[in-house]
Amino acid sequence: MVPLAEAWDSGASGWDAKKRERYANDLEWSRSLVAVTARENRQKSDQDPSTWWVPAKSASCQYLTDWVGVKTRWRLSVDQAELTALRQRAADCPNARVDVPLAD
């Protein structure tokens, strides 16, 4: 969900190799890894919500909660541009709820 390069810039650079591996292969929470087409993956690349958003409006609120959930789960930081974009999108998801188990 949150690309490895984005995670690196958001705090994973300070993790040990074992924690980075756990993050990259997180199967313990179903929203951490989401299957998409190769085309969608290339379009998103390592962008955060300030520069890329899911094209399907029907998936927007799920994308928002998944992104926030992964960032929260792994205690990753959010930069100002990303926060602004997330807040703008959250206005369209008034009943969105994020319940996430924290990673070790």
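Assorted remarks:
- Test for V78: is it among the β-branched types (V, I, T), modelled with pLDDT of 95 or more and not in a helix (DSSP H, G or I): yes
- Of all residues in region 10-53 being over 12 Å from A103 (Cβ atoms), of a type in the set (D, E) and touching a residue at least 40 places away in the same chain (Cβ under 8 Å), the one that is surrounded by the fewest Cβ atoms within 10 Å (Cβ to Cβ): D46
- A residue that is loosely packed, with under 13 Cβ neighbours inside 10 Å, modelled with pLDDT of 95 or more and closer than 14 Å to A103 by Cα cannot be found anywhere in region 56-74.
- Some residue of region 78-86 being crowded, with 16+ Cβ neighbours inside 10 Å and touching a Lys or Arg at 6+ places or on another chain (Cβ under 7 Å): yes
- Close Cβ contacts (under 7 Å, 6 or more residues apart or on different chains) running from residues in region 81-104 that are within 20 Å of W29 (Cβ to Cβ) to residues that are of a type in the set (S, T, N, Q) and part of a loop (DSSP other than H, G, I, E, B) are absent.
- Just so you know, in region 87-103 the residues that are of a type in the set (G, A, S) and surrounded by 12 or more Cβ atoms within 10 Å (Cβ to Cβ) include one that is nearest to D9 (Cα to Cα), and it is A103.
The values are calculated or read from the model by the stated rules, or taken from the named source; none is laboratory data. This one's a predicted model, so the numbers in the text were calculated from it and none came from an experiment. Cβ sites come from the backbone with ideal geometry, for glycine too, and all protein chains shown count toward neighbours.
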